[in-house]
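J.: Here's a structure for you.
Each value in this text was obtained by applying a stated rule to the coordinates, not by laboratory testing. Predicted model, so just to flag it, every value in this text is computed and none were measured. Here the Cβ positions follow ideal geometry from the backbone for every residue, glycine too, while neighbour counts run over all protein chains shown.
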Amino acid sequence: MVIVFVVVVVLALAVFGGLHWYLWRRLVRDTTARPGVSRRVGTAVLVGGPVLMFAAITSEQTGAPFWLQQVLAWPGFLWMALSIYLLLALLVGEAVRPLLRRALDRRTAPATEPEPVTEPEPAPADVREAAHVPAGARAAGEAGRASEASAPASAEAPAPTPAGPSRRLLISRVVGGAAAAAAVGTVGYGTYGVVSGPKVKRVTVPLAKLPRAAHGYRIAVVSDIHLGPVLGRGFAQKVVDTINSTQPDLIAVVGDLVDGSVKDLGPAAAPLAQLRARHGAFFVTGNHEYFSGAEEWVARVRELGLNPLENVRTELAHFDLAGVNDIAGEDEGQGPDFAKALGDRDRGRACVLLAHQPVQIHDAVDHGVDLQLSGHTHGGQLWPGNFIADLANPTLAGLERYGDTQLYVSRGAGAWGPPTRVGAPSDITVVELASRQA
């Protein structure tokens, strides 16, 4: 088993190194005519970026001092996102290169073929006459003719022009510059979207068992806030303010609140105490809570005024609200227990279930849940990662039906790893329940 692990690690590092060598070749070597300052700076960036990325990941996984995690996180994780889009842009550039070559060939091709120039043959009389001319006179005459011939030629010769970059170098600079601009612009815009805070999304979900009195009941669903070395207290405050602005009846925090210990992130989570809803705020664990000390975080959110639902159910006035632990808790003997949360309930009442991962929908269907609220997927977070996330989850984002059970998956409010989203904007969703009896 150890040998297999080592082989996998070596192969992964080889692939990673090969991809960065490709980035260096296209962005640095091919765009610089000769070694110099530009090549040295580019090489330093292409070496320093991945080093910082591995340092950021390692510091977080090993529990390094939190200040060090914060220092390394921004440049390290941003490089992770930037390298992805540099690679994608350069691969597109490989298809563009032949087109640029053809365009340059057409511009530099001569319009017409030059007419051939032929040397006139000397007349026989000239040859005979030259034979009777003394050698000295003949030499002087030839020198004079040579000087006459050279004078107009030198006068008409064009002035030399400085040599520009070769065609290959020009194409490499155009493609490399465009790829760098596209990658930086994409990552910059995606990062701005995250740090500026999630937007509110509204979805109406009809429930057959919901009584008329609960028609229009609003649940603010927030998942995957991911407070950590990058997203801290200021971000948590934006999330809280956005949720409170919707004036919900109930708040559901469906996991992956943090990436770190209570000791390091307790102050960052403090704004959650300001959450306000008519029927309170509820919380279930996500897989990242079990990487960060789930028991301590459950106790902490309870202190902040949230109600943890650890495989339990609470009966509200018009429907049941249940919550189950995340699948990651199974390794600690704290996994989901649907029978405990839902086994003895009155199935004549509508039931809303909070469960972090969408894959838990199949157990929800078996237990007669009407609506499951989940997160976890981030909607893929970084395109084209959405295609991979879609394969791993029954629903990537949005509302879908599974038999008599509906599943709503939020893209989440924050981000994991790079504080960047591309093609999967963050959201806080207000789910409005609708009674079919209304």
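J.: Measuring from centroid to centroid over Cα atoms, what is the spacing of the range 247-286 and the range 421-437 in Å?
T.: Spelled out, the Cα-based centre of one part sits 18 Å from the other.
J.: Additional query: Below 15 angstrom from the Cβ of PRO358, what's the summed charge of the other residues (Lys, Arg +1; Asp, Glu -1)? List each step's numbers first, then the result.
T.: Values: positive: ARG401, ARG411; negative: ASP224, ASP256, ASP326, ASP363, ASP390, GLU400.
Charge balance in the 15 Å sphere: -4.
J.: Would you mind telling me the antiparallel percentage of the DSSP bridges in the range 198-435, rounded to 5?
T.: Working: 14 of 46 bridges.
Antiparallel: roughly 30 percent of the beta bridges in the range 198-435.
J.: What does DSSP give for the chain in terms of the percent of beta bridges that are antiparallel, rounded to the nearest 5?
T.: Numbers: 14 of 46 bridges.
Just about 30 percent of them are antiparallel.
J.: List the relative contact order of the chain as a percent without decimals, with contacts defined as Cα pairs under 8 Å and 6+ residues apart. All intermediate terms of the calculation are to be shown ahead of the outcome.
T.: Working: 759 pairs, mean separation 79.3, N = 438.
In percent, rounded to a whole number, it is 18.
J.: Give, in nm to one decimal, the length gained when the segment between ARG345 and LEU99 is fully stretched (0.36 nm per residue of separation minus the Cα-Cα distance).
T.: Values: separation 246, 0.36 × 246 = 88.56 nm, distance 6.67 nm.
Here the answer is 81.9 nm.
J.: Could you let me know the centre-to-centre spacing of the range 160-229 and the range 50-86, using Cα atoms, in angstrom?
T.: 20 Å
J.: Which pairs break 24 Å Cα to Cα here: LYS209/LYS340; LYS238/LYS340; LYS238/LYS263? Write out the running numbers ahead of the final one.
T.: Numbers: LYS209/LYS340 22 Å; LYS238/LYS340 35 Å; LYS238/LYS263 22 Å.
Violating the 24 Å Cα-Cα cut-off are LYS238/LYS340.
J.: For the chain, taking Cα atoms only, what is the radius of gyration to one decimal and the Dmax to the nearest whole Å?
T.: For the chain, the Cα-based Rg and Dmax read 35.2, 133 Å.
J.: Continuing with the same structure: Once you put a point 7 Å from the Cα of LEU170 and another 7 Å from the Cα of VAL203, both along the Cβ direction, what distance in nm separates them?
T.: Result: 5.3 nm between the two label points.
J.: Give me SER223, SER172 ranked fewest to most by other Cβ atoms within 10 Å of their Cβ, as a rough exposure proxy.
T.: Numbers: SER223 31, SER172 22.
Ranking SER223, SER172 by Cβ neighbours within 10 Å, fewest first, gives SER172, SER223.
J.: Can you sort ILE3, ILE57, ILE428 so the residue with the fewest Cβ neighbours within 10 Å comes first?
T.: Arranged by neighbour count, lowest to highest, ILE3, ILE57, ILE428 become ILE3, ILE57, ILE428.
J.: Treating only the Cβ atoms of Lys and Arg (+1) and Asp and Glu (-1) as charged, compute the dipole magnitude of the chain about its Cα centre; round to the nearest 20 debye. Please report the intermediate quantities before stating the final value.
T.: On the way: 39 positive and 41 negative charges, 192 e Å.
Result for the chain is approximately 920 debye, rounded to the nearest 20.
J.: Multiply the residue separation of THR43 and SER245 by 0.36 nm, subtract the distance between their alpha-carbon atoms, and state the gained length in nm to one decimal.
T.: On the way: separation 202, 0.36 × 202 = 72.72 nm, distance 4.80 nm.
Taking 0.36 nm per residue and subtracting the Cα distance, the gain is 67.9 nm.
J.: Kyte-Doolittle cut-off 1.6, length cut-off 30 Å along the helix's own axis using Cα: show which whole DSSP H helices in the chain pass.
T.: Once both thresholds are applied, what remains is 2-24.
J.: For the range 286-384, build the convex hull from the C-alpha positions and give me its volume per residue in Å³. All intermediate terms of the calculation are to be shown ahead of the outcome.
T.: Working: hull volume 12.2 nm³, N = 99.
In the range 286-384, the Cα hull volume divided by residue count equals 123 Å³.
J.: Find the Cα radius of gyration of the range 198-435, compare it with 2.2 N^0.38 Å by division, and give the number to two decimals. Mind dumping the intermediate values first?
T.: Details: Rg = 16.2 Å, N = 238, 2.2 N^0.38 = 17.6 Å.
Relative to the rule-of-thumb radius for its length, the range 198-435 sits at 0.92.
J.: What's the long-distance tail for the range 199-245, i.e. % of Cα pairs beyond 18 Å?
T.: Values: 506 of 1081 pairs.
Percentage above 18 Å: 47.
J.: Further, regarding this structure: Quick one: net charge around SER410, please, counting Lys, Arg +1 and Asp, Glu -1 for every other residue with C-beta under 11 Å from its C-beta.
T.: Details: positive: LYS201, ARG411; negative: ASP224, ASP256, ASP427.
Result for the local shell: -1.
J.: Would you mind listing how long the range 185-273 runs along its three principal axes, going by Cα atoms, in whole Å with the largest first?
T.: Sorted largest first, the three principal extents are 45, 36, 20 Å.
J.: Say we join alpha carbon atoms closer than 10 Å with springs in a Gaussian network model of the chain; which of GLY280, GLY63, GLY36 then has the biggest fluctuation?
T.: Among GLY280, GLY63, GLY36, the largest GNM mean-square fluctuation belongs to GLY36.
J.: Also: What is the order of SER83, SER374, SER426, SER196, fewest Cβ neighbours within 10 Å to most? Please list the in-between numbers first.
T.: Values: SER83 21, SER374 29, SER426 26, SER196 11.
Going from least to most buried by this count: SER196, SER83, SER426, SER374.
J.: Extension gain LEU391-LEU19, at 0.36 nm per residue separation less the Cα-Cα distance, in nm? List each step's numbers first, then the result.
T.: Details: separation 372, 0.36 × 372 = 133.92 nm, distance 2.47 nm.
Working it through step by step, the gained length comes to 131.4 nm.
J.: Next question. Taking +1 at the Cβ of each Lys and Arg and -1 at the Cβ of each Asp and Glu, which of VAL6, ALA89, LEU373 sits farthest along the dipole of the chain towards its positive end, judged by Cα position relative to the Cα centre?
T.: After comparing all options, I get ALA89.
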